[in-house]
Amino acid sequence: MAPLPLPALHATHAGIWIAGREGESREASRGEAIARAAETPHIILNAPLVGQRLGYPELSGLDLLELFAFIHPARFAVPTVAGMCRAVGLEPPKCEAEAGDSLRAIAGALLDVLERDDWREREGAWTSNQSLARMGWGWAPLINARLQRPERGERMLFSRLKQWEEAADRPPPRTILVDPAAARDRLRSLTGARSEPRAGQTAMAEESVSVFAPRRQKDAPNMLLAEAGTGIGKTLAYLAPASLWSEASGGTVWVSTFTKALQRQLDAEGPRLFADPEERARKIVVRKGRENYLCLLNLEDALQGAFSGRAAILAQLVGRWAAYSKDGDMVGGDLPGWLPSLFRRAGATALTDRRGECVYAGCPHYRRCFIEKAERAGREADIVIANHALVMINAARAREDAPQRIVFDEGHHLFDAADSTFAVTFGGQDAIEMRRWIVGPEGKSRGRRRGLAARLMDVASYDDEGAQALDAAVEAARSLPSDGWLQRIIEGSPFGPVEALLGEVRGMVYARAKAQDAGYGLETELAEPDGALVAAAVRAMEGLEALQKPLAALTRRLEAVLEDAPDWLDSQARARVDGAINGLTWRREILSAWIALLGRVGGAVDPEFVDWLAIERVEGREFDVAIHRRWLDPSKPLAGAVLKQAHGVLVTSATLRGGDGSWARAEARTGAAHLDCSIGRFEADSPFDYASCSEVLVVKDVKPGDIAGLAGAYARLIEAAGGGTLGLFTAIQRLKTVHSRIADRLARAGLPLLAQHVDPIDPGTLVDIFRDDPRASLLGTDALRDGVDVPGESLRLVVMERVPWPRPTVLHAARRMAGGGSAYDDAVVRARLAQAFGRLIRREGDRGTFIILSAAMPSRLLTAFPADVPIRRVPLDEAIAHVAAARALAPAPVRELVE
């Protein structure tokens, strides 16, 4: 396992090191490193990240992560030098200066795998590497020198994928009762005989059986709201009765989460329920929206030349992964989150079904489709692990597989999930996607994406009425925005009624939006619109109606063709027609929502909704103009479309009541308040002794607006803690500024600093790196406040830069007025504080400190924290001393390996 005789380049905030071909390692300047890397390919780890460190974003070389993805597809490794060393069985370097040599050793170890008889991912490697060699991939010659050519030609990727089998519809679940004693026994078997029973967990398992009792009346589910504190073990508490019910009834329980991290944790509990891997694969299925899965037809096109440059290399690596993937999930599944980020957005999203262009049974890969596999497997599974949005969409569309027994974990997010699911947005980006789906590629567009006419050409040629409707739909769609629409409305020369409307929207937003919003998205309430906007909305609505009519006529003609099939309609054409009907139905629903939205412009105010106009911007650059509509209370459609259709619903969270102990708030936020039936309640406090293992410190001498003081406070606190810090920000710009001021300082002290919105790494991978290194710290915003599970020494300090007040948007203003003014704001903040504090103590034995850098922290909000947590207001120096003292008393850091 000798190091590869190639130079290596390692760069962090602490410095830059180059390891020569013969192993000598030395520190280098930024200029020398850039010149050397441009002249000779170096072994590097995460080219975009190293390029960012060097200030040379076009850096390329022999990226070890790409090599790992080729040799071990569908396996994860922490994308750091230490993480990669452990992944290949090497000792991590003792210091940054040794990292270059470690990179060479990792490369050698990975290439050695190619010659091992027990290499599990050998099949397909030779063929894929030949393609990669033609594309100029740097690793291809080195792989070719080690990889033995197979004696027989390798099977094509798509023939190696397992096909799904048709099965009869599952019969309705039998009516049964789950005995609380049986749930208690099942829980004991899941936790293990040696585990000490937890009273709160046992009580929750017994209480949860009520959810699985027969429903007594229509629109009245058996519903239980359960607030189970961190450490209760609520996952196994609800899985115990859920698994009993599914076994005895033959039905399916949907377990819904808000974050991908919890989905992975739930999937990891599978061996407790089903020890046999094959049985587990049948009984427990993870379901997500279509846009999460690899589209095999898109992949085929990419492999056959639709992608070029770096995107083509990504397609080959994704092809390697597809053959070994558990379920084809590209977002949060077994595709390493760091892989797409290596290619700087070069094509990853184009490999999924994000445009809704699926031709369903008309696809040559239909029988191997990952999406279809997941849907069919979910119909037969005992437990389906999904997310809130998918559950709501399936229920709202009255799908055949709409869930009837649901467990909403992370239930404090139900309100937000419903808010997004039942929203309507009509903007330039949405309209141009509609045009592309109907009209097809225009101008410089490439790839297989074809319009309706191309997809239905042979069918339309045999049906005059259908052909006329198709032509009319294509013609009407040409009035929708096309490429360059935003620049045209900025210049005041819009084309078509929709672009004209968006121009009026943009003008009104700039006329009414606050100047201090510059740099962020701008918005204004849709109230008292001027005559020009109302008239433009009427013309745009007429244009949408002109499109909706031929689409409806085309749908009817296609349905007629299927009902009275002519002789020429073979199975492939039938499948294509069926796929077109599905797509048309979805687009017509969207058009109906847009028409209803535009019909309200200038009309009477509907108190059920909040409407506003917006200019969407990123770092001051406009990318969309839109009209938005949200329910004032999205728990109403949640109750009507989801809860009332279900037979049993359990909603659980550690902070279900938002940190203020209000069951009324829990019922309002979960939709329970809109049900005409009794609602069960359960609560179990966390078993942790917060008084002895945690503390809240409110720092009272960091001045608001003093960015230098804020950065200094973060740096000193992280140094005192020796890393292990999660820093939470309410504004991305402040996060970036603080990071830029302190990252080098901390790195020189051996304390790596990671940052969401700064590092070119997806948030899930950032958390993985943070979890893996007890000396690392991580800065982030809302997503990290709610989605981080880092037990042990890797997270021992949480620092919030200020009180997390809600941003004063149009939508928030309306809900604040309806929800009690400042009391509504307080409830939002308490919920956020409770969630943030919940990141700190995750397992028995965890210890930590929670710090808020705001003297303006109102005492009334401190009730968000557990009642026995000590809370003190202290100056910064005292907080730093306290953190340092806590570190001195803590046991030596123990790294928890990421599986």
(request) Pull up the stretch 472-496, narrow it to residues that are without any contact (Cβ under 8 Å) to a residue 24 or more places away in the chain and more than 34 Å from the chain's Cα centre (by Cα), then point me to the one that is surrounded by the fewest Cβ atoms within 10 Å (Cβ to Cβ). (result) Gly492
(request) Please tell me if Gly51 is at negative phi, in a helix (DSSP H, G or I) and within 34 Å of the chain's Cα centre (by Cα). (result) yes
(request) Look at Leu797 and say whether it is modelled with pLDDT of 90 or more and of a type in the set (A, V, I, L, M). (result) yes
(request) Take the stretch 67-91 and flag every residue that is among the aliphatic types (A, V, I, L, M), closer than 24 Å to Asp759 by Cα and not in a helix (DSSP H, G or I). (result) Ala74, Ala77, Val78
(message) I'd like to know if the stretch 193-215 contains one or more residues that are of a type in the set (Val, Ile, Thr), more than 26 Å from Ala395 (Cβ to Cβ) and buried (at least 20 other Cβ atoms within 10 Å of the Cβ).
(response) yes
(request) Give the number of residues within the stretch 105-126 that are in contact with a strand residue (DSSP E or B) (Cβ under 8 Å, 6 or more places away or on another chain) and modelled with pLDDT under 95. (result) 0
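In the stretch 846-860, which residue that is surrounded by fewer than 21 Cβ atoms within 10 Å (Cβ to Cβ) and touching a residue at least 40 places away in the same chain (Cβ under 8 Å) is nearest to the chain's Cα centre (by Cα)? Show your work before the answer.
Here is the first cut: in the stretch 846-860, the ones surrounded by fewer than 21 Cβ atoms within 10 Å (Cβ to Cβ) are 846-847, 854-856, 858-860.
From what's left, touching a residue at least 40 places away in the same chain (Cβ under 8 Å): 846-847, 854-856, 858.
Values: Asp846: 27, Arg847: 29, Ser854: 31, Ala855: 34, Ala856: 33, Pro858: 33 Å.
Step by step, filter the stretch 846-860, then rank; the result is Asp846.
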(request) Residue by residue through the stretch 241-266, note down the ones that are at pLDDT below 90 and not aliphatic (A, V, I, L, M). (result) Thr259, Lys260, Gln263, Arg264, Gln265
(request) Look through the stretch 804-819, keep the residues that are free of Cβ contacts under 8 Å to residues at least 60 places away in the same chain and touching a helix residue (DSSP H, G or I) at 6+ places or on another chain (Cβ under 8 Å), and return whichever of them is nearest to Asp706 (Cα to Cα). (result) Pro806
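If only one of Gly680, Gly724, Gly750 is touching a strand residue (DSSP E or B) at 6+ places or on another chain (Cβ under 9 Å), at positive phi and touching a residue at least 12 places away in the same chain (Cβ under 8 Å), which one is it? Reasoning before the result, please.
Values: Gly680 fails: at positive phi; Gly750 fails: touching a strand residue (DSSP E or B) at 6+ places or on another chain (Cβ under 9 Å).
Step by step, each of Gly680, Gly724, Gly750 is checked, and only Gly724 is touching a strand residue (DSSP E or B) at 6+ places or on another chain (Cβ under 9 Å), at positive phi and touching a residue at least 12 places away in the same chain (Cβ under 8 Å).
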(message) Every residue in the stretch 263-288 that is out of contact with any helix residue (DSSP H, G or I) (no Cβ under 8 Å at 6 or more places or on another chain) and either within 23 Å of Ile393 (Cα to Cα) or of a type in the set (Ser, Thr, Tyr) (or both), please.
(response) Gln263, Arg264, Asp267
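Answer with yes or no whether Ile371 is β-branched (Val, Ile, Thr), under 30 Å from Ala641 (Cβ atoms) and either in contact with a Gly (Cβ under 9 Å, 6 or more places away or on another chain) or part of a loop (DSSP other than H, G, I, E, B) (or both). Break it down into steps so the answer makes sense when it comes.
Values: β-branched (Val, Ile, Thr): yes; under 30 Å from Ala641 (Cβ atoms): yes; either in contact with a Gly (Cβ under 9 Å, 6 or more places away or on another chain) or part of a loop (DSSP other than H, G, I, E, B) (or both): yes.
Answer is yes for this residue.
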(request) Take the stretch 791-828 and flag every residue that is among the β-branched types (Val, Ile, Thr), under 30 Å from Glu719 (Cβ atoms) and surrounded by fewer than 22 Cβ atoms within 10 Å (Cβ to Cβ). (result) Val803
(message) Tally up the residues in the stretch 82-99 that are under 26 Å from the mean Cα position of the chain (by Cα) and either under 24 Å from Asp117 (Cβ atoms) or not small (Gly, Ala, Ser) (or both), please.
(response) 2
(request) For the stretch 127-199, please list each of the helices (runs of 4 or more DSSP H) lying entirely inside it that holds at least 3 residues being modelled with pLDDT of 95 or more. (result) 140-146, 180-191
(request) Name every residue in the stretch 779-803 that is farther than 22 Å from Ala886 by Cα and either touching a residue at least 60 places away in the same chain (Cβ under 8 Å) or of a type outside the set (Asp, Glu) (or both), in order of residue number. (result) Gly780, Thr781, Ala783, Leu784, Arg785, Asp786, Gly787, Val788, Arg802, Val803
(request) Report, by residue number, each residue of the stretch 96-126 that is over 30 Å from Leu751 (Cβ atoms), among the acidic types (Asp, Glu) and in a helix (DSSP H, G or I). (result) Asp112
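Could you pull out the residue among Glu523, Glu504, Glu559 that is surrounded by fewer than 20 Cβ atoms within 10 Å (Cβ to Cβ), among the charged types (D, E, K, R) and not assigned by TED's automatic domain parsing to the domain that holds Pro808? Walk me through it before giving the result.
Values: Glu523 fails: surrounded by fewer than 20 Cβ atoms within 10 Å (Cβ to Cβ); Glu504 fails: surrounded by fewer than 20 Cβ atoms within 10 Å (Cβ to Cβ).
Testing whether each residue is surrounded by fewer than 20 Cβ atoms within 10 Å (Cβ to Cβ), among the charged types (D, E, K, R) and not assigned by TED's automatic domain parsing to the domain that holds Pro808 leaves just Glu559.
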(message) With the structure loaded, tell me whether Arg36 is at pLDDT below 95, more than 26 Å from Leu766 (Cβ to Cβ) and assigned to a helix (DSSP H, G or I) or whether it fails that test.
(response) yes
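The values are calculated or read from the model by the stated rules, or taken from the named source; none is laboratory data. These figures come from a predicted structure and were not determined experimentally. Ideal geometry is used to build each Cβ from the backbone, glycine not excepted, and the neighbour counts take in all protein chains shown.
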